[in-house]
1. Could you tally the net charge around Thr407, taking each other residue with its Cβ under 14 Å from the Cβ of Thr407, Lys/Arg +1 and Asp/Glu -1?
2. How big is the C-alpha Rg of the stretch 406-461 next to the rule-of-thumb value 2.2 N^0.38 Å, as a ratio?
3. Would you please state the base-10 log of I(q)/I(0) at q = 0.24, 0.28 1/Å for the stretch 42-98, with intensities from the Debye formula using one equal scatterer on every alpha carbon?
4. What is the dipole size for the stretch 312-461, taken about its Cα centre, with +1 at each Lys and Arg Cβ and -1 at each Asp and Glu Cβ, in debye to the nearest 20?
5. Under 24 Å Cα-Cα from Lys309, which lysines qualify once same-chain neighbours fewer than 8 residues away are excluded?
6. Once all Cα-Cα distances of the stretch 254-303 are split into 10 Å bins that start at 0, what whole-number percent is in each one?
7. Please state the relative contact order of the chain as a whole percent: Cα pairs under 8 Å, 6+ residues apart?
8. So if I place +1 on the C-beta of Lys and Arg and -1 on the C-beta of Asp and Glu, and nothing else carries charge, what would the dipole magnitude of the stretch 242-394 be about its Cα centre? I want it in debye, nearest 20.
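Every number here is computed from the coordinates shown, using simple stated rules; none is lab data. Just so you know, these numbers come straight off a predicted model, no measurement behind them. Here the Cβ positions follow ideal geometry from the backbone for every residue, glycine too, while neighbour counts run over all protein chains shown.
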Amino acid sequence: MTEAYDIAVVGGGNAALCAAVTAAETGAKVVILESAPEFYRGGNSRHTRNFRCMHRGPLSVLVDSYEEEEYFEDLLLVTKGETDEEMARLTIRMSEECLPWMERQGVRFQPSLSGTLSLSRTNAFFLGGGKALVNAYYNRCEDLGVDVFYDAEVKHVNIEDGHFTHVDVSMKGGEPTRIAAKAVVLASGGFQGDLDWLTRAWGPSAANFLIRGTPYNRGVVLKDMLDQGAESVGDPTQCHAVAIDGRSPKFDGGIVTRLDCVPFSIVVNQNGDRFYDEGEDVWPKRYAIWGRLVAAQPDQVGYSIIDSKSAELFMPSVFPPIVADTIEGLGQQLGISGDKLARTVAEFNAACREGRFHPTEKDGLATDGLTPPKTNWARPIDTPPYYGYSLRPGVTFTYLGLKVSPTAQVHTAEGPLDNVWAAGEIMAGSILGQGYLAGFGMTIGTVFGRIAGREAAAYVS
Ligand SMILES: Cc1cc2nc3c(=O)[nH]c(=O)nc-3n(C[C@H](O)[C@H](O)[C@H](O)COP(=O)(O)OP(=O)(O)OC[C@H]3O[C@@H](n4cnc5c(N)ncnc54)[C@H](O)[C@@H]3O)c2cc1C
């Protein structure tokens, strides 16, 4: 295949599509190279539900206002300062114009669902979810004459004397062919799909991690660029990981595998021991730490135990819980010692105090004299039937990425490469050094996808 394009876009998720649409709107000849087959197109973006958007007044489905300072403070809180302020503020400011732009491309929004706790002000939800969003962008690409190749894995991005010349692409697993372009946008996500790389970063425990999203984000382009001297940002051992149902598939289980029962439960490890305060804060502020907590336990597994009093207090799980009339029986069914679990529950129950229980806010109903404590929602587990869920770490995405400038240009030690841009998870580590702010992944991809598309189009015009 020798047809020369103006711009090659590597990847087929949100960031790639935003770049492709923006560039094609200027008349540039664009090709999208998506390693997944057509049915699985859209990477992790197809699993998403919303994006976080600054706004100075009501905007589309967003109520009230959510201004730059509050947004930035929220980001500082979760990243503990591990963010590039210039890049972060740029992302936040530009998010405001993204929403109407997305609507113009055919993306539809809906008010936040009840039960998602106060996101109606900060996060705009996609009607039909991320899959509808990526479909809207693919339709738009088709209208704009963008060529899309599926099953097209980019193996190598050729840089000569600081200048991009072509990509080597394996079509349907065949021998790599060359596609030349005047510029390239790299939007191929993180490396969590490469289990060997995860094991090198995390050690052997990574074998027990589940990957919540696409298996196609294997970091091939990231590694290729780092090998060619591109500068990196972010820590290879940092990733977004949540505790998900232990019965979830290895890849692509998506949002439905999340479990929201932890605050109303006790969580024990394989030895039947508790290891962390399950009631530290409301779940939306804590769910992201439980992936790491479970990852640190023997065999990277945990068990969340509730009784019938709590069974209706959280979003129903996709897999039914294990049910038993006794704690001993529940332990046996879960594969842990029933006697030990019964002792742990008895100790916990003895440490619970009388008080007002309030499931939707921090109620201060804490244990007394227990290590570790449970500081909210601590009610005795004493009303059969008893329910148990196994928990595993579910990796959302990794943070190691390419360093880019505010114009999304990829950097080497010698400075920016003149015709190489990057957007989305592959460069998000600049802004998300650690932690995660719900909806911010799609904001970074949309903002930097559009910047990369604009800059690449200006370069080739
Ligand atoms: C279950 C789940 C729920 C989430 N919910 C939200 C949410 O509600 N809001 C939010 O903001 N974020 C959410 N996220 C995070 C969000 O998905 C990402 O931040 C975002 O999708 C990143 O977009 P991207 O375009 O960079 O990557 P992706 O959408 O993952 O796209 C990467 C693309 O690159 C392709 N690719 C990879 N390697 C190659 C190669 N060598 N050659 C060619 N193509 C390649 C892949 O096939 C894929 O199409 C969620 C993630 C998961 C897993």
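1. Spelling it out: positives minus negatives among the neighbours equals -1.
2. 1.19
3. Here the Debye-derived log intensity ratios amount to -1.02, -1.11.
4. Roughly 220 debye, rounded to the nearest 20.
5. Lys285, Lys340, Lys362, Lys374
6. 25, 59, 16
7. The value is 23 percent.
8. The dipole magnitude comes to about 340 debye.
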